[in-house]
1. Of everything in the stretch 34-60, what is in a loop (DSSP other than H, G, I, E, B) and touching a Lys or Arg at 6+ places or on another chain (Cβ under 9 Å)? Give them in sequence order.
2. What number of residues within the stretch 61-89 are at pLDDT 85 or above, aliphatic (A, V, I, L, M) and in a loop (DSSP other than H, G, I, E, B)?
3. Could you please find all residues in the stretch 23-60 being loosely packed, with under 13 Cβ neighbours inside 10 Å and modelled with pLDDT of 85 or more?
4. Does any residue in the stretch 16-32 that is on the phi < 0 side of the Ramachandran plot come within less than 9 Å, Cβ to Cβ, of a residue that is among the acidic types (Asp, Glu) and surrounded by 12 or more Cβ atoms within 10 Å (Cβ to Cβ) six or more places away or on a different chain, and which pairs are these?
5. Please find, within the stretch 75-89, the residue that is farthest from Asp24 (Cα to Cα) out of those that are surrounded by 13 or more Cβ atoms within 10 Å (Cβ to Cβ) and either aliphatic (A, V, I, L, M) or touching a Gly at 6+ places or on another chain (Cβ under 9 Å) (or both).
Amino acid sequence: MVRHVGRVPHRTRKPLLSRLGVRDPAARGLALSGTAHGGAVLCLSDEREAFPFAALMMSLGAACSVGLLTVAPVRALVLRVALGQAVQL
């Protein structure tokens, strides 16, 4: 399922953004990369102005993930969820 989530946005959301009239390259790059990550970067490779914003958003998302995982309680929570153990809030 996760594999298909990354593929869907770049096929459907790029035309959707065009239909909605979103022309700003920064908005297009950030919006698509926020939902499709690497797929958006690949999808926007033909838009010279939007491509750098997509790459930047993907890199910032990865940096934030790494930063959060250095916090021991966050790392423990992520591991418990990933291993299917019960999480008590």
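1. Matches in the stretch 34-60: Glu47, Glu49, Ala50.
2. 2
3. Passing the criteria: Arg23, Arg48, Ser59.
4. These pairs meet every condition: Asp24/Glu49; Pro25/Glu47; Pro25/Glu49; Ala26/Glu49; Arg28/Glu47; Arg28/Glu49; Gly29/Glu47; Gly29/Glu49.
5. If we take residues in the stretch 75-89 being surrounded by 13 or more Cβ atoms within 10 Å (Cβ to Cβ) and either aliphatic (A, V, I, L, M) or touching a Gly at 6+ places or on another chain (Cβ under 9 Å) (or both), then Leu77 is farthest from Asp24 (Cα to Cα).
The values are calculated or read from the model by the stated rules, or taken from the named source; none is laboratory data. Bear in mind the structure is a predicted one, so any value in this text is a computation, not a measurement. Positions of Cβ are backbone-derived with ideal geometry, glycine not excepted, and every protein chain shown enters the neighbour counts.
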